[in-house]
Number of protein chains: 6
Amino acid sequence: MTTPQVSLSRFPVPELKHLPEDLRTRILAVQEKSGFVPNIFLALAHRPDEFRAFFAYHDALMEKEAGLTKAEREMIVVATSGANQCQYCVVAHGAILRIRARNPYVADQVAVNYRKADITPRQKAMLDFAMKVALEAEQVGDADYAILREHGWSEADAWDIGAIAAFFAMSNRLANMASIRPNDEFYLLGRLPKNS
Amino acid sequence: MTTPQVSLSRFPVPELKHLPEDLRTRILAVQEKSGFVPNIFLALAHRPDEFRAFFAYHDALMEKEAGLTKAEREMIVVATSGANQCQYCVVAHGAILRIRARNPYVADQVAVNYRKADITPRQKAMLDFAMKVALEAEQVGDADYAILREHGWSEADAWDIGAIAAFFAMSNRLANMASIRPNDEFYLLGRLPKNS
Amino acid sequence: MTTPQVSLSRFPVPELKHLPEDLRTRILAVQEKSGFVPNIFLALAHRPDEFRAFFAYHDALMEKEAGLTKAEREMIVVATSGANQCQYCVVAHGAILRIRARNPYVADQVAVNYRKADITPRQKAMLDFAMKVALEAEQVGDADYAILREHGWSEADAWDIGAIAAFFAMSNRLANMASIRPNDEFYLLGRLPKNS
Amino acid sequence: MTTPQVSLSRFPVPELKHLPEDLRTRILAVQEKSGFVPNIFLALAHRPDEFRAFFAYHDALMEKEAGLTKAEREMIVVATSGANQCQYCVVAHGAILRIRARNPYVADQVAVNYRKADITPRQKAMLDFAMKVALEAEQVGDADYAILREHGWSEADAWDIGAIAAFFAMSNRLANMASIRPNDEFYLLGRLPKNS
Amino acid sequence: MTTPQVSLSRFPVPELKHLPEDLRTRILAVQEKSGFVPNIFLALAHRPDEFRAFFAYHDALMEKEAGLTKAEREMIVVATSGANQCQYCVVAHGAILRIRARNPYVADQVAVNYRKADITPRQKAMLDFAMKVALEAEQVGDADYAILREHGWSEADAWDIGAIAAFFAMSNRLANMASIRPNDEFYLLGRLPKNS
Amino acid sequence: MTTPQVSLSRFPVPELKHLPEDLRTRILAVQEKSGFVPNIFLALAHRPDEFRAFFAYHDALMEKEAGLTKAEREMIVVATSGANQCQYCVVAHGAILRIRARNPYVADQVAVNYRKADITPRQKAMLDFAMKVALEAEQVGDADYAILREHGWSEADAWDIGAIAAFFAMSNRLANMASIRPNDEFYLLGRLPKNS
């Protein structure tokens, strides 16, 4: 099968040397750590202020361990991005989930149908809440919080679950609107013993 | 009709004196300018990092005049927030839209059914695109961009339209999940000649 | 913002002098009482038999105080018309609701998301039932009536709630199909102390 | 198969002798003409004002031949009632459609999927418009009227098509909410040569 | 009303004499038994391997009496085919249901809205499960099986209910895609005393 | 992350030695060829007649090269199974697609959002048709066939595309209803150079 050439976004992708210093620094740091630059960094770089706010928000929600583990945070991303049909987010965060959960199966399971995934009932309750925020937030109410509490999630955890679902409601829409392409590197990450 | 007492959010609202300096300064500046503090500032204050990123992102998208006018940016907020049934965003940004458009009718029209609003065909094309990003972004494609171009919107405008719809996809979900209440002040703003 | 000229309906609007006597009398009486003629009267006048049946039906459902208050009847109209994206009904009946409830906030709250409105649990149960009739009547069953009873609504009240939702299912479709425009007068009614 | 006993409505059905004179007269006239009393007459009789308005409206829309034939009017009822899953309306108006169209097949075809029915392209355009009014009236616009015109339907016909769909949006919701049962007599009407 | 000439499928219908021996034999046997050849046999005959697998699967699910009666199996077909708007399946299996249930009303009732049909609560639970498999199988879970058990359905029955709904999910799509036309003979079958 | 123990189906899985000879032979042949037994074979084995019909149907549609390549047939399975949230089918047929297309990326792309996948416009037209059969077959009509023809697909190809979508509408529902678990082996198949 021949693959048509595709770009990483339908919007402009500036050259690194033309970027503001702080963006270039961040991008080079990611490349140093990961071995490649995830396309989302390049796709947002044409808008430096939005780039800065996006990643500041992302890090505030995803780079914490309190309450939810980092793997659980990624689970929320993968489940809601699957529901929103966001190719970039499912493929990229699927890789991160496999690595953080040290589990080569869970990302594909959660992306397709989290109800059938090998996760705990407590994690299913977390994803039920996240999916309701992602898909019908106007109906979220006391009963939904009560179920979280029954599974041992605190009010602060509830905020995290919902806020991550809300942030990726935005991110999924940006990636779909701009046709942001997942890097080839993501597909295999965390699938082999050495990665997990 | 008696009105049950309600709080402005189901999550904690810190006292001003306990907030980090930069949040307190921002909130006092808004109060100075508007005469009251919109509840979204208080509802996000319990998470300072998220507060900072949220408003940095908001300002990057909404405080510009290039391409879209500020009134048109608010139109996108009101139309998509109506579709997402977000009471805070429809009431608060409805007020801002009335003021920025100097028009006491357009906000209610756009919130309920923008297809019937007194706006131009070019603005309807803008809202068609915004609504597609808000409600079925997975289906956005070349044909949608072509329609924008036919109405004189540039690629940079298209990004703005979609990015505003995406940002409020997040904001609507946060406000619905946390039951953030619109301030009473918003309801009448921009409805009387002196306000417009 | 310049406003394009728009007509009050895409269908013919007869002159008053060409109307049957009973229609003209009714319209003049409304004008006398309200100070203006709500556009729905003019938009239906080209079909005198339908006009007569429409307002006879409307009055039979809305001009009663037994069981539901008049304000509660208007709440049902505003909530279901919001769900059906009917601009005329939300704006016109929003005004009536503000006046009848002596509350300048409740109409906008109910139009956008009644689950977050400052109304009683009993009124939320009323609107839950009305919305189910409006949006998925085929699924209404014994369990829905049981919830109404738990909140103190009688079987006769249940009929009223459902019949109002059903009548405005018709009215919303007529107004959307004919692009019936709300009068400018409605937008401010009931928002200022003297009106409430 | 044993059939559980069921009533014709979950709401009260008054005895004929307790009804206002005009309702009793109307009901007896129908019985005289049809050989039985369609249950909708009995199910609405507990609310005489609503009964009168309902049938006045019904007759204004359905008892005409101008533009649409009576059979075409019934087609609209059957197609939209099928979409709304209204058992009473599909069964009762299916019978009337078979009789008026002198065709024993068309009612079942239209009730299930009018796109596959043995009707003309002009009738399909009529039903496309009716279904849009029934299911997504908020999106009806100029393009929909243009298609009707291409098929030779006038603006007055467009009103009839939409108004019938709107009236049965109400009727379907009443029948589903009240569980109004179709009379056994309807099922076979118009299916045998002598009936057609 | 004149009926446009229509073919029984938009795909090729081979002549009987050109069919493989086993297909011809099966078709002639059906004709012998029923007095006509249901169009589904002719519409699938251009693909002999698919024809064989289709009817083998059909018979494995439908020609049993254990657990579910044959009439109950047909109820599942009619209810789910109504939801899928499949004209062929509703009309053809509606006839079979009338005959097997010896009831001239139940098929039309179940096709339009099984919740209002004259069937037992146990049969409604069966159809609730079947409809969930037909329309949102991704959400089927333990709670659904528990309800079946409460109504006395075994695990083997649950498989039958779901497998019939799944098989007709396929069949409905084939018939709609190919515009397979129901034979005229089906419409009256089982409606008259001699048939029931 | 600890993984809860899960079975391969919620329905009985017979031991190989208790199976009819032809089922056992088929299963052993698959094991010989693939190195493991895909769980679908074990999950259907408790119903030998359904097992035989299922795989006969499957092979009639999937084991051909005429018109559609085998990789294209698998693309249809993966795209529609993603839309139906069927974990077994996405994971198992994703592996087969990677192998048949000799492409480690295409399966994940097509499963999440085929509109953004690296496939040809002709293949996108194929998937547009397949998705319409999978999700709204009642609306398939002449215009859909015309688009296929414009992309060089014959009527026989159209049947294959639709029939594969229809068959997996069944298969997805069976797998979701029975919670059939994908084998661990599938996740990595076709992702490494040696497999492709």
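Bear in mind these aren't lab numbers, they're just calculated from the coordinates by the rules spelled out. Only a predicted model underlies this, so the values are computations on that prediction, with no experimental measurement involved. Backbone-built Cβ (ideal geometry, glycine too); neighbour counts: all protein chains shown.
What's the longest bit of chain D with no exposed GluC sites (Glu not before Pro), using DSSP loop states and at most 11 other Cβ atoms within 10 Å as the test?
D:66-196
Stick to Cα atoms and the Kirkwood definition of Rh, then tell me Rg/Rh for the protein assembly as shown.
0.96
Expressed in nm², what is the orientationally averaged projection area of the convex hull enclosing the Cα positions of segment F:118-196?
7.1
What is the percent of Cα-Cα separations in segment F:3-43 that go past 11 Å?
Result for the distance tail: 68 percent.
Compute the distribution of all C-alpha to C-alpha distances in segment B:44-196, in bins of 10 Å from 0, and list the percent of pairs in each, rounded to whole numbers.
Histogram of Cα-Cα distances, whole percents per bin: 11, 41, 36, 10, 1.
Which of the residue pairs A:LYS33/B:LYS64; C:LYS70/D:LYS70; C:LYS116/D:LYS116; B:LYS64/C:LYS132; F:LYS64/F:LYS124 have a Cα-Cα distance greater than 32 Å in the structure shown? Provide the component values of the computation, followed by the final result.
On the way: A:LYS33/B:LYS64 35 Å; C:LYS70/D:LYS70 38 Å; C:LYS116/D:LYS116 44 Å; B:LYS64/C:LYS132 42 Å; F:LYS64/F:LYS124 20 Å.
Those over the limit are A:LYS33/B:LYS64; C:LYS70/D:LYS70; C:LYS116/D:LYS116; B:LYS64/C:LYS132.
Can you compute the equivalent ellipsoid semi-axes for segment A:82-141, i.e. the square root of 5 times each eigenvalue of the Cα gyration tensor, sorted largest first and rounded to whole Å? If you can, show how the numbers build up before the last one.
On the way: eigenvalues 85, 43, 15 Å².
Value: 21, 15, 9 Å, ordered largest first.
Could you work out the relative contact order of chain F, using alpha carbon pairs under 8 angstrom and six or more residues apart, expressed as a whole percent?
On the way: 236 pairs, mean separation 57.0, N = 196.
29 percent.
Evaluate the charge dipole of the protein assembly as shown about its Cα centre and quote only its size in Debye, nearest 20, assuming +1 on the Cβ of each Lys and Arg and -1 on the Cβ of each Asp and Glu.
Charge dipole, the protein assembly as shown, about its Cα centre: 0 debye, nearest 20.
For segment A:56-196, with the dipole built from +1 on Lys and Arg beta-carbon atoms and -1 on Asp and Glu ones, taken about the Cα centre, which of A:TYR88, A:ALA156, A:GLY67 lies farthest toward the positive end?
Final value for the positive-end residue is A:TYR88.
For the rotation taking chain A to chain F, which residue of A has the Cβ nearest the axis, and how many Å away is it?
So the chain A residue sitting closest to the axis is A:ARG191, 3.
Sort out the exposed loop trypsin sites (Lys or Arg not before Pro) in chain C (DSSP loop, at most 13 other Cβ within 10 Å) and tell me the longest stretch that has none. Walk me through the numbers before you get to the answer.
Numbers: sites that count: C:ARG102, C:LYS194.
That would be C:1-101.
Which semi-axes, in whole Å and largest first, does the equivalent ellipsoid of segment A:53-115 have when worked out from the alpha carbon gyration tensor as the square roots of 5 times its eigenvalues? Walk me through the intermediate numbers first.
Numbers: eigenvalues 66, 41, 19 Å².
Working through the eigenvalues yields semi-axes of 18, 14, 10 Å.
Once the label point is set 7 Å along the Cα-to-beta-carbon vector, what list of distances in nm do you get between D:ALA66 and its counterparts in the other copies?
Output for D:ALA66: 3.8, 5.9, 5.9, 6.7, 7.3 nm, nearest copy listed first.
Can you list, shortest first in nanometers, how far B:ARG149 lies from the same residue in the other copies, with each label 7 Å from Cα toward Cβ?
In ascending order, 2.9, 2.9, 5.5, 6.1, 6.4 nm.
7 Å along Cα→Cβ for the label point: how many nanometres lie between A:PRO12 and each equivalent label in the other copies, listed shortest first?
In ascending order, 4.5, 5.7, 5.7, 6.9, 7.5 nm.
Using alpha-carbon pairs under 8 Å, 6+ residues apart, how would you state the relative contact order of segment D:78-150 in percent?
27
Of all alpha-carbon pairs in segment C:29-82, indicate the percentage at a distance above 18 angstrom.
Everything past 18 Å amounts to 47 percent.
So what are segment A:154-196's ellipsoid semi-axes, whole angstrom, largest first, if each one is the square root of 5 times an eigenvalue of the alpha-carbon gyration tensor?
27, 21, 4
With labels modelled as points extended 7 Å from the Cα through the Cβ direction, what inter-label distance (nm, one decimal) is found for D:SER154 paired with E:LEU135?
Those two pseudo-labels are separated by 4.1 nm.
Which FRET efficiency value, to the nearest 0.05, is calculated for D:ASP142 and C:ALA66 with the Förster distance at 41 angstrom and r the Cβ-Cβ distance?
0.40
With label points built 7 Å along Cα→Cβ from the Cα atoms of C:LEU28 and E:VAL30, find their separation and express it in nm.
About 7.2 nm separates the two model spin labels.
How high is the relative contact order of segment C:1-88, given as a whole-number percent (alpha carbon pairs under 8 Å, six or more residues apart)?
Relative contact order for segment C:1-88 comes out at 22 percent.
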